[in-house]
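**Student:** I'd like to ask some things about the structure below.
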Amino acid sequence: MKYIIKSLFLFMTLLFITLRFSLPARATDNEQLDAIPSQSIAQDKVRLCAVYPHLKDSYWLSINFGMTERAKQRGISLKVLEAGGYQNSHEQWAQIQQCLTWQADAILVGAVYYDQLGPKLTTLNKTVPLFGLVNEISTPSLTASTSVSWYKMGEELGNYLSRKHPKTASNTKLKLAWLPGPKSGGGSEQATLGLKNALKNSDVEIVSIKYGLNNKMHQFSLISEILAEFKDGELDYLAGNAIMAEMAINELGKLEQDKRPQIVSHYLSHGVYRGIKRGKILMANSDQMVLQGAMAIDQAVDYLLNKSYIAHQEPEILTVTKDLLPQFPREKSLSPSDFKPIYSVTP
């Protein structure tokens, strides 16, 4: 009888341990956790799959560089898929299914939209670890994330302008047109909210907001609309996404010097960096894209290897201006100029 009771107790103990270790670890902001994957895995057997909104501009190209370089350094397999644009949420979900077919141990999701895939991702995260990548996602039910809040990116741009033009009793305000990118895509709406709140403490007012896809054709059209609405030096700042900032250099160059609004971008690209260096763009934020990509790989790999990891991690936002360029760590933000997208890394 004693032998039966001891055997039953041992069986129940083993069952509890098995169930405990099969549950996915849940991460909370700014908390370092110990990963508890369902089974141990050798580092050279780790298979990560990453889905991006697109690889059409140097922002995501720099993320790709950071991720693929770190994947090579850690000796893991990485598969990269890109949806082709912020309008392609159905394509992104299909690519997540491709990651599953490829038998990825974890999926890093650079979301096309903030909330459109939220419910599906919540359900999927119960069976495979999902990691937020760069763009914020509405669901809190992901294993972990590596991203800088787009609200903060807009806020930092607003803080820069607020320091430059602090609030006074004057009724004359400086006028700013804002072209953040696609509405509901990426982090445009969050960046808009951050900018608006920061500018409450300034003499700068937003006089126009125009959303549009982050491609040259759409941004050229929006710039043209803005310049048609505000003539003869009525506009002081043209602010927004990096593609807009790059294109604005040529368009504003057609205006007389004293009638050109100053250009500011809420994130960095190679073209924006060159514009700042040449004195054509006043400033930009950098969320250190290369570093961010590397951090995302480390986070997912450490989780799978049952090592300590940080549930939500984000690099520091850096202000980039011409006078700060000598101190700016370019290699942590921008991929090499000759870098081409890499879609597959194998040990």
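**Student:** Restricting to the stretch 208-234, name every residue that is closer than 17 Å to K259 by Cα and of a type in the set (V, I, T). Don't jump to the end; show me each part of the working.
**Tutor:** So in the stretch 208-234, the residues closer than 17 Å to K259 by Cα come out as 223-234.
If the condition is that a residue be closer than 17 Å to K259 by Cα and of a type in the set (V, I, T), then I223, I226 are the ones that fit.
Listed here are the residues, each with its yes/no results for (1) part of a strand (DSSP E or B); (2) at pLDDT 95 or above; (3) open to solvent by less than 30 Å² (accessible area, probe 1.4 Å); (4) touching a Lys or Arg at 6+ places or on another chain (Cβ under 8 Å).
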site: Y267; (1), (2), (3), (4): no, yes, yes, no
site: G275; (1), (2), (3), (4): no, yes, yes, no
site: G293; (1), (2), (3), (4): no, yes, yes, yes
site: P326; (1), (2), (3), (4): no, yes, no, no
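**Student:** I need the strands (runs of 3 or more DSSP E) fully contained in the stretch 170-246, keeping only those with at least 2 residues that are open to solvent by less than 10 Å² (accessible area, probe 1.4 Å), touching a His at 6+ places or on another chain (Cβ under 8 Å) and not charged (D, E, K, R).
**Tutor:** Numbers: elements: 174-179, 204-209, 237-240.
Here the list reads 237-240.
**Student:** Next question, about the same structure. Out of the stretch 42-92, which residues are in contact with a strand residue (DSSP E or B) (Cβ under 6 Å, 6 or more places away or on another chain) and of a type in the set (S, T, N, Q)?
**Tutor:** Across the stretch 42-92, the qualifying residues are T68, S77, S89, Q92.
**Student:** Still on this model: On the basis of being in a helix (DSSP H, G or I), of a type in the set (K, R) and either open to solvent by less than 20 Å² (accessible area, probe 1.4 Å) or modelled with pLDDT of 95 or more (or both), does K79 make the cut?
**Tutor:** Considered against the rule, which asks whether it is in a helix (DSSP H, G or I), of a type in the set (K, R) and either open to solvent by less than 20 Å² (accessible area, probe 1.4 Å) or modelled with pLDDT of 95 or more (or both), K79 comes out as no.
**Student:** Name the pairs whose Cβ atoms lie under 9 Å apart, with the first residue in the stretch 201-226 and over 17 Å from G187 (Cβ atoms) and without any contact (Cβ under 8 Å) to a residue 12 or more places away in the chain, the second open to solvent by 50 Å² or more (accessible area, probe 1.4 Å) and in a helix (DSSP H, G or I), and 6 or more positions between them or separate chains?
**Tutor:** none
**Student:** Spot the failing condition for K126; the list is (1) assigned to a loop (DSSP other than H, G, I, E, B); (2) under 17 Å from the mean Cα position of the chain (by Cα); (3) charged (D, E, K, R); (4) more than 24 Å from L227 (Cα to Cα), and only one is missed.
**Tutor:** (2)
**Student:** Restricting to the stretch 328-346, what's the tally of residues that are among the aliphatic types (A, V, I, L, M) and outside any loop (DSSP other than H, G, I, E, B)?
**Tutor:** So the answer is 1.
**Student:** Go through the stretch 314-324 residue by residue and tally those that are aliphatic (A, V, I, L, M) and part of a helix (DSSP H, G or I).
**Tutor:** Count: 1.
**Student:** Quick check on the stretch 55-70. Is at least one of its residues in a strand (DSSP E or B) and either surrounded by 18 or more Cβ atoms within 10 Å (Cβ to Cβ) or of a type in the set (F, W, Y) (or both)?
**Tutor:** no
**Student:** Determine the pairs where a residue that is in contact (Cβ under 8 Å) with a residue 12 or more places away in the chain, located within the stretch 181-196, has a partner that is open to solvent by 10 Å² or more (accessible area, probe 1.4 Å) and among the β-branched types (V, I, T) with Cβ atoms under 7 Å apart, the partner being 6 or more residues away or on another chain.
**Tutor:** Listed pairs, sorted by first residue: T192/I209; K196/I206.
**Student:** When the residues of the stretch 82-117 are narrowed to those that are part of a strand (DSSP E or B) and not small (G, A, S), which ends up nearest to W150 (Cα to Cα)? Walk me through how you get there before you give the answer.
**Tutor:** Going residue by residue through the stretch 82-117, those that are part of a strand (DSSP E or B) are 82, 106-109, 113.
From the residues that got through so far, the ones that are not small (G, A, S) too are 82, 107-109, 113.
Working: E82: 20, I107: 22, L108: 18, V109: 16, Y113: 13 Å.
The selected residue is Y113.
**Student:** Whether any residue in the stretch 92-107 is surrounded by 24 or more Cβ atoms within 10 Å (Cβ to Cβ) and β-branched (V, I, T) is what I want to check.
**Tutor:** Yes, there is a match, as at least one residue in the stretch 92-107 is surrounded by 24 or more Cβ atoms within 10 Å (Cβ to Cβ) and β-branched (V, I, T).
**Student:** Additional query: Taking the conditions exactly as written (open to solvent by 10 Å² or more (accessible area, probe 1.4 Å), within 25 Å of S221 (Cα to Cα) and touching a strand residue (DSSP E or B) at 6+ places or on another chain (Cβ under 6 Å)), does Q257 satisfy them or not?
**Tutor:** Details: open to solvent by 10 Å² or more (accessible area, probe 1.4 Å): yes; within 25 Å of S221 (Cα to Cα): yes; touching a strand residue (DSSP E or B) at 6+ places or on another chain (Cβ under 6 Å): no.
No.
**Student:** Any idea how many residues of the stretch 295-313 are assigned to a loop (DSSP other than H, G, I, E, B) and surrounded by fewer than 19 Cβ atoms within 10 Å (Cβ to Cβ)? Spell out the reasoning first.
**Tutor:** Of the residues in the stretch 295-313, the ones assigned to a loop (DSSP other than H, G, I, E, B) are 305-307, 311.
Subset that is surrounded by fewer than 19 Cβ atoms within 10 Å (Cβ to Cβ): 305-307.
Final tally of qualifying residues: 3.
**Student:** Answer yes or no as to whether Y309 is under 17 Å from W60 (Cβ atoms) and aromatic (F, W, Y).
**Tutor:** It is false that Y309 is under 17 Å from W60 (Cβ atoms) and aromatic (F, W, Y).
**Student:** Which of the residues that make up the stretch 328-343 are over 29 Å from G84 (Cβ atoms) and open to solvent by less than 30 Å² (accessible area, probe 1.4 Å)? Walk me through it before giving the result.
**Tutor:** Taking the stretch 328-343 first, the residues over 29 Å from G84 (Cβ atoms) are 328-329.
Of everything in the stretch 328-343, just one residue is over 29 Å from G84 (Cβ atoms) and open to solvent by less than 30 Å² (accessible area, probe 1.4 Å), namely F328.
The values are calculated or read from the model by the stated rules, or taken from the named source; none is laboratory data. Every value quoted in this text rests on a predicted model; they were computed, and no experiment measured them. Note: ideal-geometry Cβ built from the backbone for every residue, glycine included; neighbour counts use all protein chains shown. Side chains are part of the model used for accessible areas, which takes the heavy atoms of the whole protein and leaves out ligands, DNA and RNA. Shrake-Rupley method; radii C 1.70, N 1.55, O 1.52, S 1.80 Å.
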